[in-house]
1. How many residues does the stretch A:161-212 hold that are hydroxyl-bearing (Ser, Thr, Tyr), within 25 Å of A:Met254 (Cβ to Cβ) and within 14 Å of chain B (Cβ to nearest Cβ)?
2. Pairs needed: first member in the stretch A:90-102, over 15 Å from A:Gly156 (Cα atoms); second member anywhere, part of a helix (DSSP H, G or I) and open to solvent by less than 80 Å² (accessible area, probe 1.4 Å); C-beta distance under 6 Å; at least 6 residues apart or different chains.
3. In the stretch B:280-322, which residue that is free of Cβ contacts under 8 Å to residues at least 12 places away in the same chain and of a type outside the set (A, V, I, L, M) is least open to solvent (accessible area, probe 1.4 Å)?
4. Does at least one position in the stretch B:96-117 carry a residue that is of a type in the set (Val, Ile, Thr), touching a helix residue (DSSP H, G or I) at 6+ places or on another chain (Cβ under 7 Å) and under 24 Å from B:Ala303 (Cα atoms)?
5. Would you pick out the residues in the stretch B:224-242 that are touching a strand residue (DSSP E or B) at 6+ places or on another chain (Cβ under 8 Å) and more than 10 Å from chain A (Cβ to nearest Cβ)?
6. Would you please name the residue that is most open to solvent (accessible area, probe 1.4 Å), looking only at residues in the stretch A:323-338 that are farther than 16 Å from A:Val142 by Cβ and outside any helix (DSSP H, G or I)?
7. Given the conditions (1) more than 14 Å from chain B (Cβ to nearest Cβ); (2) at pLDDT below 90; (3) under 30 Å from B:Ile240 (Cβ atoms), which single one is not true for A:Ala82?
8. Looking at the stretch A:118-133, is at least one residue under 19 Å from A:Glu264 (Cβ atoms) and not basic (Lys, Arg)?
There are 2 protein chains.
Amino acid sequence: MFQETSSDAERKILSILKVLSESSKPLGSITIARELKRHGISLSERAVRYYLRITDERGYTQFLGRNGRMLTSKGLEELKLALAPEQVGFILDKLELLAFQTTFDPQKRRGELPINTSLVDQERFKEALLVMKDVFKAGICVSELVAVASEGEKLGSVVIPKGKIGLATVCSVVINGVLLKSGIPIDSKFGGVLEIKNSKPKRFVAIINYDGTSLDPSEQYIRARMTSVRKVVKTGNGKILANFREIPAPSRTMVEEKIAMLKEVGINGVYVLGNTSEAICQIPVRLNRVGMVLLGGLNPVAAAVEAGIMVENIAESGMLDFEKLVSFWEVLNKYTND
Amino acid sequence: MFQETSSDAERKILSILKVLSESSKPLGSITIARELKRHGISLSERAVRYYLRITDERGYTQFLGRNGRMLTSKGLEELKLALAPEQVGFILDKLELLAFQTTFDPQKRRGELPINTSLVDQERFKEALLVMKDVFKAGICVSELVAVASEGEKLGSVVIPKGKIGLATVCSVVINGVLLKSGIPIDSKFGGVLEIKNSKPKRFVAIINYDGTSLDPSEQYIRARMTSVRKVVKTGNGKILANFREIPAPSRTMVEEKIAMLKEVGINGVYVLGNTSEAICQIPVRLNRVGMVLLGGLNPVAAAVEAGIMVENIAESGMLDFEKLVSFWEVLNKYTND
């Protein structure tokens with residue numbers, strides 16, 4: 001009845017697949033060995049070649065002659081599945097990693113910040129933009145700054161597949177990152193669905209704690225069609241993606257300053273900031289803590305899904321340089337004037 | 001920016017809606033006051049009438065003359081939304097409540113056990129049965145015992161809506177209940193998606209902890225189309241719904257006895273039983289504990305959804321008397337010979 005856990009060999013194979021998954025070009029065994037070393041894994045070039053023969057046989061990688069190897073879709077699938085047991089509590093770990101990796105400085109207007117990546121069929125991208133337009137206009141997003149990438153290009157750690165266009169939206173974890181760099185610890189509690197009534201936040205109607213899930217809550221809510229972002233834009237009533245955070249009460253003034261600074265460079269996302277130990281949106285807050293509701297960065301994309309457009313979302317998909325972001329309105333102009 | 005929490009009046013209104021939601025017939029204010037008392041809420045008949053006028057105005061209830069009032073679909077929606085903040089960790093609480101309420105005794109073959117309720121359009125019910133047939137045959141279920149109810153009838157705490165047929169499947173929490181009644185504490189850890197390879201359990205590829213979610217994990221996985229139950233039946237490879245539990249190591253022998261007893265009355269569901277502190281399906285198990293993988297009771301229904309049949313699932317939907325269960329094969333015969 002019992003299956004043995006992944007052997008050492010399987011772990012090494014996975015680490016090689018992981019390196020390949022992060023590259024948009026084929027990689028040779030020398031490069032793979034070097035990349036593994038950067039991740040703290042010592043494997044000789046010869047050992048890498050040995051494991052690559054196994055991954056070829058299993059159909060996880062494809063040998064492309066002198067250029068090296070690429071990950072196949074089967075290999076990507078295997079990688080996703082195999083990493084799941086390590087992903088319990090993974091979403092929280094991922095958020096904290098991205099916050100740590102944030103180097104974006106709102107005063108200097110440079111550095112890297114965390115993004116979400118959404119993949120849309122090329123033929124429907126324009127249509128998706130037209131739906132998202134109203135959501136960006138209503139401000140139900142973290143930022144109007146986005147990035148667009150074509151097939152083969154990379155957004156964060158995601159390589160855009162054939163036939164797709166990738167749209168990067170700013171992830172609300174940017175707030176965590178900027179606060180963390182100022183020495184303010186911020187506690188990511190849960191991803192939820194927030195009910196809006198008369199254009200005001202009312203209450204959370206669904207909650208998934210970050211420390212108990214291997215799946216991103218926002219991705220799940222979008223898939224399960226639990227949002228009505230378009231309705232909120234039109235009528236002021238409906239349900240949007242929102243996240244809950246907590247900060248130490250004495251840091252509140254500093255946090256307000258940072259929020260103002262971020263606003264100046266076009267990054268919003270803080271929807272409600274509570275007072276000490278005050279429940280917000282019906283969520284109790286502990287002693288000497290302040291609750292904070294952040295808007296989900298994927299709200300515009302949720303609206304596109306509501307409109308029947310198929311979108312694959314990878315929340316918290318990695319980091320992007322602030323300088324690579326452009327205004328959504330520029331993107332809209334470009335695609336609607338074509 | 002801040003909304004006040006539900007006032008006392010709102011809580012009373014919700015408790016009245018809750019009583020109405022649990023009835024398949026209209027209720028008068030006397031009955032409602034009596035039911036509230038059973039739940040530990042003291043409200044005079046006059047007070048109930050006062051609040052019912054408010055719920056009528058808001059469209060949550062419908063006045064049906066002398067027979068009393070029924071909950072409207074708007075009222076049901078309100079009830080669901082309003083209860084969400086109290087539902088953080090709610091799934092775990094719900095599981096423990098149902099385990100406590102289980103009175104089913106496998107030796108005496110009587111008592112109540114927890115069920116899931118699935119709602120299928122009347123026109124597609126036969127088609128759904130034909131898909132589920134293979135899954136029941138392959139044993140990817142908790143039990144072949146089911147119950148069927150028509151519109152207006154009740155399964156657990158769910159009243160079957162117009163145009164639908166309700167199918168109750170035995171919920172894996174029945175194992176919790178039977179063990180608990182024997183004095184064995186059982187810890188419900190998470191609901192997951194289990195990868196099956198060569199007809200054997202391999203590893204969990206998705207995990208949501210019961211104590212950190214307001215949404216049932218199985219309902220979510222079915223909605224997000226993360227299962228491939230039909231593929232497992234056909235090829236021995238694919239993904240099914242499964243849950244993870246833990247028991248104290250010294251109780252293992254007693255647990256085995258109970259499992260054998262349940263098997264005799266047609267209730268299975270224990271898919272893997274580990275050894276002391278042994279990881280199963282790549283999930284580590286604590287010191288002096290034994291891990292246990294249970295099959296999801298909704299696996300047959302997941303297969304129907306995979307086949308494109310719309311099904312609304314309410315996992316852990318309440319209790320049903322063992323005597324009301326019938327064999328799936330009887331139901332299949334009845335509907336396919338019509």
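1. The number of residues fulfilling the criteria is 2.
2. Within 6 Å, the pairs are A:Ile91/A:Tyr210; A:Leu92/A:Tyr210.
3. This residue is B:Gly308.
4. no
5. Listed by number, the residues that qualify are B:Thr227, B:Ser228, B:Val229, B:Arg230, B:Lys231, B:Val232, B:Gly236, B:Asn237, B:Gly238, B:Ile240, B:Leu241, B:Ala242.
6. The selected residue is A:Asp338.
7. Result: A:Ala82 fails condition (1) only.
8. The answer is no, given that none of the residues of the stretch A:118-133 is under 19 Å from A:Glu264 (Cβ atoms) and not basic (Lys, Arg).
The values are calculated or read from the model by the stated rules, or taken from the named source; none is laboratory data. Note that the structure is a prediction, hence the values are computed from the model and not measured. Using ideal geometry, Cβ is built from the backbone for each residue, glycine included, and neighbour counts are taken over all protein chains shown. For accessibility, only protein heavy atoms count, side chains too; no ligands or nucleic acids. Shrake-Rupley method; radii C 1.70, N 1.55, O 1.52, S 1.80 Å.
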